[in-house]
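Down below is the structure, laid out as C-alpha coordinates.
The values are calculated or read from the model by the stated rules, or taken from the named source; none is laboratory data. Bear in mind that the values here come from a model prediction, so they are computed numbers and not experimental data. When we count neighbours, we look across all protein chains shown, and the Cβ atoms used for this are built from the backbone with ideal geometry, even at glycine.
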Amino acid sequence: MNKKHIVLFDMDGTLTEPREEFDKRLLQPLRELSNYADIGILTGSDLDYVNQQLDLLIRFSELRYKIHLLPCNGTKHLLPPKSSNEEFEMVHEMDMEKHLGTSCFRQLMMLLCSQQETMCYNDDLPLTGHFISYRGSTVNWCPIGRNANNTQRQKFVEIDNSTSPTLRQKEMDKIKYKINLRCSKEVMVALGGETSFDIYPNGWDKTYALKHFPNHTCWFVGDRCGEGGNDKEIYDLLKQQDRGFWVKNTEDTADVIMKNIIPRLK
(Lines give C-alpha, C1' and ligand atoms only; values in the text may rest on other atoms or scores of the structure.)
Protein backbone atom coordinates (compact mmCIF):
# COMPACT_ATOMS: atom_id res chain seq x y z
CA MET A 1 0.00 0.00 0.00
CA ASN A 2 1.25 3.50 -0.80
CA LYS A 3 2.32 5.65 2.11
CA LYS A 4 0.25 8.60 3.24
CA HIS A 5 1.63 12.09 2.67
CA ILE A 6 2.04 14.93 5.14
CA VAL A 7 3.15 18.45 4.21
CA LEU A 8 4.91 20.23 7.07
CA PHE A 9 4.76 24.03 7.11
CA ASP A 10 6.84 26.51 9.06
CA MET A 11 4.64 29.23 10.60
CA ASP A 12 6.26 32.72 10.71
CA GLY A 13 7.13 33.91 7.23
CA THR A 14 5.44 30.89 5.63
CA LEU A 15 1.81 30.73 6.80
CA THR A 16 1.87 34.15 8.48
CA GLU A 17 3.89 37.30 8.33
CA PRO A 18 6.31 37.33 11.29
CA ARG A 19 4.27 37.35 14.54
CA GLU A 20 1.07 38.10 12.61
CA GLU A 21 -2.15 36.16 12.10
CA PHE A 22 -2.70 33.42 9.52
CA ASP A 23 -2.90 34.70 5.95
CA LYS A 24 -6.51 33.97 4.91
CA ARG A 25 -5.45 33.74 1.28
CA LEU A 26 -3.87 30.39 2.13
CA LEU A 27 -7.16 28.80 3.19
CA GLN A 28 -8.16 27.68 -0.28
CA PRO A 29 -4.75 26.25 -1.26
CA LEU A 30 -4.63 24.35 2.04
CA ARG A 31 -8.18 23.05 1.52
CA GLU A 32 -7.14 21.75 -1.88
CA LEU A 33 -3.99 20.21 -0.41
CA SER A 34 -5.96 18.46 2.35
CA ASN A 35 -7.66 16.32 -0.32
CA TYR A 36 -4.32 14.61 -0.93
CA ALA A 37 -2.26 14.97 2.26
CA ASP A 38 -2.29 15.68 5.96
CA ILE A 39 -0.90 19.01 7.15
CA GLY A 40 1.61 19.73 9.89
CA ILE A 41 2.50 23.07 11.51
CA LEU A 42 6.20 22.73 12.32
CA THR A 43 7.48 25.81 14.15
CA GLY A 44 10.16 26.82 16.62
CA SER A 45 7.47 28.71 18.55
CA ASP A 46 5.56 27.17 21.45
CA LEU A 47 1.87 26.30 21.45
CA ASP A 48 0.77 29.68 22.81
CA TYR A 49 2.04 31.47 19.70
CA VAL A 50 0.52 28.81 17.43
CA ASN A 51 -2.86 29.37 19.08
CA GLN A 52 -2.55 33.16 18.77
CA GLN A 53 -1.43 33.30 15.16
CA LEU A 54 -3.32 30.35 13.65
CA ASP A 55 -6.60 30.70 15.52
CA LEU A 56 -8.65 30.91 12.31
CA LEU A 57 -7.00 27.81 10.86
CA ILE A 58 -6.96 25.50 13.88
CA ARG A 59 -10.11 26.63 15.69
CA PHE A 60 -12.64 27.68 13.09
CA SER A 61 -11.66 25.86 9.91
CA GLU A 62 -12.66 22.32 8.95
CA LEU A 63 -8.97 21.79 8.22
CA ARG A 64 -8.31 21.43 11.96
CA TYR A 65 -9.25 17.74 11.69
CA LYS A 66 -6.29 17.10 9.37
CA ILE A 67 -3.67 19.30 11.05
CA HIS A 68 -0.88 18.07 13.31
CA LEU A 69 0.62 20.72 15.61
CA LEU A 70 4.40 20.45 16.03
CA PRO A 71 5.64 23.30 18.25
CA CYS A 72 9.24 23.67 19.45
CA ASN A 73 10.71 22.06 16.30
CA GLY A 74 8.41 19.06 16.64
CA THR A 75 9.69 18.10 20.10
CA LYS A 76 6.03 18.55 21.01
CA HIS A 77 3.36 16.76 18.96
CA LEU A 78 -0.37 17.33 19.17
CA LEU A 79 -2.77 15.13 17.20
CA PRO A 80 -5.74 16.70 15.37
CA PRO A 81 -9.14 16.51 17.09
CA LYS A 82 -11.65 13.93 15.88
CA SER A 83 -14.79 15.94 16.59
CA SER A 84 -15.93 19.52 17.22
CA ASN A 85 -15.99 19.07 21.00
CA GLU A 86 -12.41 17.76 21.19
CA GLU A 87 -9.11 19.66 21.42
CA PHE A 88 -5.72 18.86 19.95
CA GLU A 89 -4.15 16.03 21.97
CA MET A 90 -0.56 16.24 23.21
CA VAL A 91 1.04 12.83 22.61
CA HIS A 92 4.75 13.68 22.75
CA GLU A 93 6.77 16.24 24.70
CA MET A 94 10.50 16.40 25.42
CA ASP A 95 12.22 17.99 28.45
CA MET A 96 15.34 20.02 27.60
CA GLU A 97 16.50 20.56 31.18
CA LYS A 98 16.23 16.85 31.94
CA HIS A 99 18.06 15.95 28.73
CA LEU A 100 20.96 18.39 29.31
CA GLY A 101 21.10 18.01 33.08
CA THR A 102 20.39 20.75 35.60
CA SER A 103 24.00 22.01 35.71
CA CYS A 104 24.32 22.41 31.95
CA PHE A 105 20.87 23.98 31.65
CA ARG A 106 21.73 26.48 34.39
CA GLN A 107 24.99 27.36 32.61
CA LEU A 108 23.01 28.01 29.42
CA MET A 109 20.58 30.33 31.19
CA MET A 110 23.42 32.20 32.90
CA LEU A 111 25.16 32.64 29.56
CA LEU A 112 22.03 34.02 27.89
CA CYS A 113 21.48 36.45 30.77
CA SER A 114 25.08 37.60 30.36
CA GLN A 115 24.69 38.04 26.59
CA GLN A 116 21.44 39.94 27.13
CA GLU A 117 23.17 42.30 29.55
CA THR A 118 25.81 43.00 26.90
CA MET A 119 23.10 43.75 24.33
CA CYS A 120 21.53 46.27 26.71
CA TYR A 121 24.57 48.54 26.30
CA ASN A 122 23.71 49.02 22.62
CA ASP A 123 21.69 52.24 22.82
CA ASP A 124 20.26 51.74 19.33
CA LEU A 125 18.44 48.53 20.21
CA PRO A 126 14.83 48.69 21.40
CA LEU A 127 14.36 46.93 24.75
CA THR A 128 10.90 45.69 25.77
CA GLY A 129 10.48 42.56 27.86
CA HIS A 130 10.29 38.75 27.85
CA PHE A 131 13.84 38.30 26.59
CA ILE A 132 14.36 34.62 27.43
CA SER A 133 11.58 32.05 27.00
CA TYR A 134 11.99 28.47 28.20
CA ARG A 135 9.54 26.36 26.20
CA GLY A 136 10.14 23.02 27.88
CA SER A 137 12.03 21.48 24.99
CA THR A 138 13.70 24.59 23.53
CA VAL A 139 14.86 28.01 24.71
CA ASN A 140 14.19 31.19 22.74
CA TRP A 141 16.30 34.30 23.27
CA CYS A 142 15.08 37.59 21.81
CA PRO A 143 17.54 40.46 22.46
CA ILE A 144 14.85 43.15 22.06
CA GLY A 145 12.18 41.12 23.88
CA ARG A 146 9.17 39.17 22.65
CA ASN A 147 6.99 42.12 23.70
CA ALA A 148 8.38 44.29 20.88
CA ASN A 149 5.86 45.84 18.51
CA ASN A 150 6.21 45.79 14.71
CA THR A 151 8.04 49.13 14.60
CA GLN A 152 10.58 47.95 17.17
CA ARG A 153 10.98 44.63 15.39
CA GLN A 154 11.63 46.36 12.07
CA LYS A 155 14.22 48.62 13.68
CA PHE A 156 16.05 45.56 14.99
CA VAL A 157 15.92 43.90 11.56
CA GLU A 158 17.53 47.00 10.01
CA ILE A 159 20.28 47.04 12.67
CA ASP A 160 20.80 43.29 12.36
CA ASN A 161 21.25 43.49 8.59
CA SER A 162 23.48 46.58 8.65
CA THR A 163 26.68 44.55 9.09
CA SER A 164 28.16 41.44 7.53
CA PRO A 165 28.09 39.02 9.24
CA THR A 166 24.88 40.22 10.84
CA LEU A 167 24.57 41.08 14.52
CA ARG A 168 22.67 37.85 15.19
CA GLN A 169 25.18 35.71 13.31
CA LYS A 170 27.97 37.11 15.49
CA GLU A 171 25.98 36.43 18.66
CA MET A 172 25.05 32.94 17.46
CA ASP A 173 28.70 32.02 17.03
CA LYS A 174 29.54 33.35 20.51
CA ILE A 175 26.75 31.36 22.17
CA LYS A 176 27.66 28.14 20.37
CA TYR A 177 31.31 28.47 21.37
CA LYS A 178 30.71 29.42 25.01
CA ILE A 179 27.96 26.95 25.86
CA ASN A 180 29.69 23.99 24.23
CA LEU A 181 32.75 24.75 26.37
CA ARG A 182 30.63 24.52 29.50
CA CYS A 183 28.34 21.56 28.70
CA SER A 184 29.07 17.90 28.09
CA LYS A 185 26.13 17.67 25.64
CA GLU A 186 26.20 19.70 22.45
CA VAL A 187 23.73 22.57 22.21
CA MET A 188 22.62 23.98 18.85
CA VAL A 189 21.72 27.61 18.11
CA ALA A 190 19.65 28.73 15.11
CA LEU A 191 18.14 32.00 13.96
CA GLY A 192 14.47 32.06 14.95
CA GLY A 193 12.24 34.32 12.87
CA GLU A 194 13.55 37.88 12.38
CA THR A 195 14.58 38.85 15.91
CA SER A 196 15.48 35.84 18.03
CA PHE A 197 17.50 32.66 18.51
CA ASP A 198 16.23 29.11 19.01
CA ILE A 199 18.46 27.02 21.28
CA TYR A 200 18.08 23.26 21.77
CA PRO A 201 20.05 20.01 22.19
CA ASN A 202 21.85 18.57 19.18
CA GLY A 203 19.38 16.62 17.02
CA TRP A 204 16.35 18.57 18.20
CA ASP A 205 16.15 20.68 15.04
CA LYS A 206 13.06 20.37 12.82
CA THR A 207 14.16 16.98 11.45
CA TYR A 208 13.05 15.69 14.88
CA ALA A 209 9.43 15.99 13.68
CA LEU A 210 9.97 13.29 11.05
CA LYS A 211 10.09 10.69 13.84
CA HIS A 212 6.36 11.15 14.35
CA PHE A 213 5.48 10.11 10.79
CA PRO A 214 7.24 6.82 9.94
CA ASN A 215 4.32 5.78 7.74
CA HIS A 216 4.11 9.05 5.82
CA THR A 217 6.02 10.57 2.95
CA CYS A 218 7.00 13.97 4.35
CA TRP A 219 7.25 17.31 2.57
CA PHE A 220 8.42 20.64 4.00
CA VAL A 221 7.79 24.32 3.20
CA GLY A 222 9.66 27.06 5.07
CA ASP A 223 11.33 30.45 4.75
CA ARG A 224 14.43 30.16 6.99
CA CYS A 225 16.29 27.54 4.98
CA GLY A 226 19.63 29.32 4.61
CA GLU A 227 22.74 29.06 6.77
CA GLY A 228 21.87 29.48 10.44
CA GLY A 229 18.10 29.38 9.82
CA ASN A 230 15.95 27.02 11.87
CA ASP A 231 14.44 25.44 8.72
CA LYS A 232 17.80 24.56 7.17
CA GLU A 233 18.26 20.97 8.41
CA ILE A 234 14.86 19.65 7.39
CA TYR A 235 14.91 21.61 4.13
CA ASP A 236 18.33 20.21 3.21
CA LEU A 237 17.21 16.68 4.03
CA LEU A 238 13.93 16.70 2.10
CA LYS A 239 15.31 18.79 -0.75
CA GLN A 240 17.36 15.73 -1.69
CA GLN A 241 14.09 13.99 -2.59
CA ASP A 242 12.71 17.20 -4.15
CA ARG A 243 10.23 17.51 -1.28
CA GLY A 244 11.72 20.58 0.41
CA PHE A 245 10.64 24.10 -0.62
CA TRP A 246 12.21 27.43 0.32
CA VAL A 247 9.67 30.26 0.18
CA LYS A 248 9.99 34.02 0.63
CA ASN A 249 6.52 34.85 1.98
CA THR A 250 2.92 33.62 2.26
CA GLU A 251 2.17 34.37 -1.40
CA ASP A 252 5.10 32.18 -2.38
CA THR A 253 3.72 29.45 -0.11
CA ALA A 254 0.40 29.46 -2.00
CA ASP A 255 2.25 29.11 -5.31
CA VAL A 256 4.33 26.19 -4.03
CA ILE A 257 1.22 24.36 -2.81
CA MET A 258 -0.71 24.80 -6.04
CA LYS A 259 2.11 24.50 -8.59
CA ASN A 260 4.71 22.23 -7.02
CA ILE A 261 3.09 19.95 -4.45
CA ILE A 262 -0.54 19.23 -5.39
CA PRO A 263 0.22 18.29 -9.02
CA ARG A 264 2.63 15.64 -7.76
CA LEU A 265 0.12 14.22 -5.28
CA LYS A 266 -2.80 13.86 -7.70
Just to be sure, is residue 58 more than 21 Å from residue 205 (Cα to Cα), assigned by TED's automatic domain parsing to the domain that holds residue 257 and surrounded by 18 or more Cβ atoms within 10 Å (Cβ to Cβ)?
yes
Collect the residues in the stretch 142-185 that are buried (at least 17 other Cβ atoms within 10 Å of the Cβ), outside any helix (DSSP H, G or I) and either more than 18 Å from the chain's Cα centre (by Cα) or of a type in the set (S, T, N, Q) (or both), keeping them in residue-number order.
144, 148, 183
Among the residues that make up the stretch 233-241, is at least one of them of a type in the set (A, V, I, L, M), closer than 21 Å to residue 18 by Cα, in contact with a strand residue (DSSP E or B) (Cβ under 8 Å, 6 or more places away or on another chain) and surrounded by 20 or more Cβ atoms within 10 Å (Cβ to Cβ)?
yes
Only residues that are within 21 Å of the chain's Cα centre (by Cα) and modelled with pLDDT under 95: list them for the stretch 113-132, please.
129, 130
Residue 63 being assigned to a helix (DSSP H, G or I), assigned by TED's automatic domain parsing to the domain that holds residue 26, touching a Lys or Arg at 6+ places or on another chain (Cβ under 8 Å) and modelled with pLDDT under 95:
no
Looking at this structure, is residue 69 assigned to a helix (DSSP H, G or I) and either within 27 Å of residue 228 (Cβ to Cβ) or outside the structural domain of residue 234 (by TED's automatic domain parsing) (or both)?
no
Have a look at 25, 19, 31 and point out the one that is farther than 20 Å from residue 93 by Cβ and in a loop (DSSP other than H, G, I, E, B).
19
Unmet requirement for residue 62, which otherwise passes all of (1) free of Cβ contacts under 8 Å to residues at least 60 places away in the same chain; (2) touching a helix residue (DSSP H, G or I) at 6+ places or on another chain (Cβ under 6 Å)
(2)
Being under 23 Å from residue 112 (Cβ atoms), aromatic (Phe, Trp, Tyr) and assigned to a strand (DSSP E or B), is that true of even one residue in the stretch 186-202?
yes
Please go through (1) among the hydrophobic types (A, V, I, L, M, F, W, C); (2) in contact with a Leu (Cβ under 7 Å, 6 or more places away or on another chain); (3) assigned to a helix (DSSP H, G or I) for residue 104 and return the number of the only condition it doesn't satisfy.
(2)
Given the conditions (1) buried (at least 23 other Cβ atoms within 10 Å of the Cβ); (2) under 26 Å from residue 262 (Cβ atoms); (3) free of Cβ contacts under 8 Å to residues at least 60 places away in the same chain, and given that residue 218 satisfies all but one, which numbered condition is not satisfied?
(3)
Which ones in the stretch 114-127 are touching a helix residue (DSSP H, G or I) at 6+ places or on another chain (Cβ under 7 Å) and either within 30 Å of residue 99 (Cβ to Cβ) or in contact (Cβ under 8 Å) with a residue 40 or more places away in the chain (or both)?
115
Hits in the stretch 6-22 (condition: crowded, with 19+ Cβ neighbours inside 10 Å and in contact with a strand residue (DSSP E or B) (Cβ under 7 Å, 6 or more places away or on another chain))
6, 7, 8, 9, 10, 11, 14, 15, 16, 19, 22
Collect the residues in the stretch 34-49 that are under 20 Å from residue 248 (Cα atoms) and not in a loop (DSSP other than H, G, I, E, B), keeping them in residue-number order.
39, 40, 41, 42
Residue selected from the stretch 186-212 under the condition charged (D, E, K, R) and modelled with pLDDT under 90, by the criterion surrounded by the most Cβ atoms within 10 Å (Cβ to Cβ)
194
